[in-house]
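Please read the structure below before turning to the comments.
The values are calculated or read from the model by the stated rules, or taken from the named source; none is laboratory data. Quick caveat, the model's predicted, so the values are computed rather than measured. Neighbour counts are summed over all protein chains in view; Cβ atoms, including those assigned to glycine, are modelled from backbone coordinates with ideal geometry. These accessible areas exclude ligands, DNA and RNA; they are computed on the full protein's heavy atoms, side chains included. Shrake-Rupley method; radii C 1.70, N 1.55, O 1.52, S 1.80 Å.
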Amino acid sequence: MLPPKKPTISPSCLKKKEVVLVKPANPTPSEVLSFSTLDNDPNLEIICQTIYVYRAKSFSSINGDHLVSSNGKTHDLELSSDPVTVISDALSRVLVYYYPLAGKLKRDSDGELRLNCNSSGVPFLSASANCELSSLDYLDGVAVEVAKPFVFDWPADDDGRHPLILRVSKFSCGGFTVGMGLSHSVCDGPSAAQFYRALAELATGKTEPSVKPVWERERLVGKPTKTPFQNPIDKSSLATSPHLPFAEIEHCCFNVNSETIKRLKTSSMKECGDEFTTVEALSAYVWSSRFRALQFNSDGKTVFSLTVGSRGRLNPPLPDGYYGNACIDTFVTIMGKDLNEGPLYRVCKLIKEMKKIACSSDYLWNSINMFETMRRENKKLEMDDTTLFLTDWRQLGLVEEVDFGWKGPVNLILVPLRALDYLDFIIFITPSTLDPAMEGGLRVLLSFPATAMAKFKEEMDALLNLGDDKALA
């Protein structure tokens, strides 16, 4: 486990400028856009905050009025050393293509989300810190209180909320961070990655994004079912924990290296002969470890939910560049006793089978239609903290690939929030590039009741001792 690190930053070390509204560089359509069934989920009406950490730029040579960086790209001699100028200029130009992100988002009286494309602009804040990024360990594993100053909130008004907010913070070493707040109603993880890559492309000399954005949210509007929605599970049958509800929460990051992942998958394969992916094996382990740490009763049911993408699986297919929500939550439900006492490979199999079913277009459309029925009937899934929700961010290509001219970020972190009315939202994410020992590994980010964290840490530490039968019991 990576405990929250000790580095701190004093508010006096940070100097902020006034927030400016960055508008599209050219005129854009004035229109009101509607959303898909998935976008309209009230649980997604949140701003997701991420921080990208960049080291200082190194230059290999000077060519006339341009600097040549170590990756071979040329940059204007006067402007290239200022990430605020580079990114704000690129933002203005990328908003010509992503002009809805410069508008205002609001849920109308009929319950529908709408986006007014009025070019009001993106709140943009620049700041400077009189310390080096290395003194904060490049924000790797730092406490939430240290990370939060590098993002910011912008309140809604009568016209709605800005769907996108950006903050660039420069450090005395020449490095910087980009803090991005993006409405989950407008973009899911792959969509956010698509936008961020487009921003970087325009910052490094391209005149247009390589992938053109496509709105077309009508493609994922479901049809309500003829029968009323019924919850698939009786909430009274779910397991309970003495640690819930909680009085104090801890945000934690666990490093799992590639060798540990390999041993975990090999151990399960030896028991049943099946091969499992990292998500299948590690999800099963985290799910069972969490169940034990929270001391759920074994005669109750427990639920695991994995977010799966529908891009490339729907019929008809979504167009390239679609940047709305296109992910579905899938569910596995088992008795607590089977999770706690049964072999881990059986849990891996359940997750593997669920993923296979969820890949079909019929399953995905049935889920979308179910969500549309729920939305119109003003109902929701009756889940609570018994359920573990997991999403995998490792395939988004956000670490090392998004280059503003300073090479890719050395770290990417998510600022924790109680995102969706439930506590147990867990993310698998690529590790910082600063630790060679973690190449091929991943980080597990989660929030947990403080009273149960010590036990959960023991469970995760057992991953290092998979030769011991207790580790996989």
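Here is how the numbers come out for the structure above:
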| item | result |
| --- | --- |
| Rg/Rg_ref, region 103-256, where Rg_ref = 2.2 N^0.38 Å and atoms are Cα | 1.40 |
| Given charges at beta-carbon only (K, R positive; D, E negative), |dipole| of region 268-307 in Debye | 240 |
| Portion, in percent, of the accessible area of region 246-313 that falls on carbon or sulfur, probe 1.4 Å | 44 |
| Contour minus Cα-Cα distance for Lys455 and Ser119 (0.36 nm per residue) | 115.9 nm |
| Prolate/oblate/rounded call for region 312-458, Cα gyration tensor, a/c under 1.5 rounded | oblate |
| Fully extended contour minus Cα-Cα distance, from Asp157 to Lys270, at 0.36 nm per residue | 34.9 nm |
| Cα gyration tensor, region 84-188 - rounded (a/c under 1.5), prolate or oblate | prolate |
| Selection of trypsin sites (Lys or Arg not before Pro), region 11-55, meeting DSSP coil and at most 15 other Cβ within 10 Å | Lys17 |
| Which listed pairs, of Lys262/Lys349; Lys16/Lys104; Lys223/Lys352, have C-alpha distances above 20 Å, in listed order | Lys16/Lys104; Lys223/Lys352 |
| Neighbour net charge for Asn315 - beta-carbon separation under 14 angstrom, K R +1, D E -1 | +2 |
| Span-like helix ranges in the chain, DSSP H, alpha carbon extent 20 angstrom or more, Kyte mean at least -0.5 | 189-203, 278-293, 344-358 |
| Inter-label distance, nm, simple model (7 Å from Cα along the C-beta direction), Asp234/Glu401 | 4.6 |
| Three-way shape label, the chain, alpha-carbon gyration tensor, a/c 1.5 | oblate |
| Heavy-atom surface of region 221-337, accessible at 1.4 Å and reported per residue (Å²) | 46 |
| Ser34 versus Asp338: modelled label distance in nm, points set 7 Å from Cα along the beta carbon direction | 4.1 |
| Calculated Rg and Dmax of region 245-393 using C-alpha coordinates, Å | 17.0, 48 |
| Cα extents of region 84-142 along the three principal axes, largest first (Å) | 50, 27, 16 |
| Given Lys235/Lys337; Lys148/Lys407; Lys265/Lys380, the pairs whose alpha carbons are separated by over 28 Å | Lys265/Lys380 |
| Neighbour net charge for Arg167 - beta-carbon separation under 12 angstrom, K R +1, D E -1 | +3 |
| Förster-model FRET efficiency, 51 Å R0, Asn130 and Arg107, C-beta, rounded to 0.05 | 0.75 |
| Size descriptor, Kirkwood hydrodynamic radius, that averages inverse alpha-carbon separations across region 320-404, Å | 16.1 |
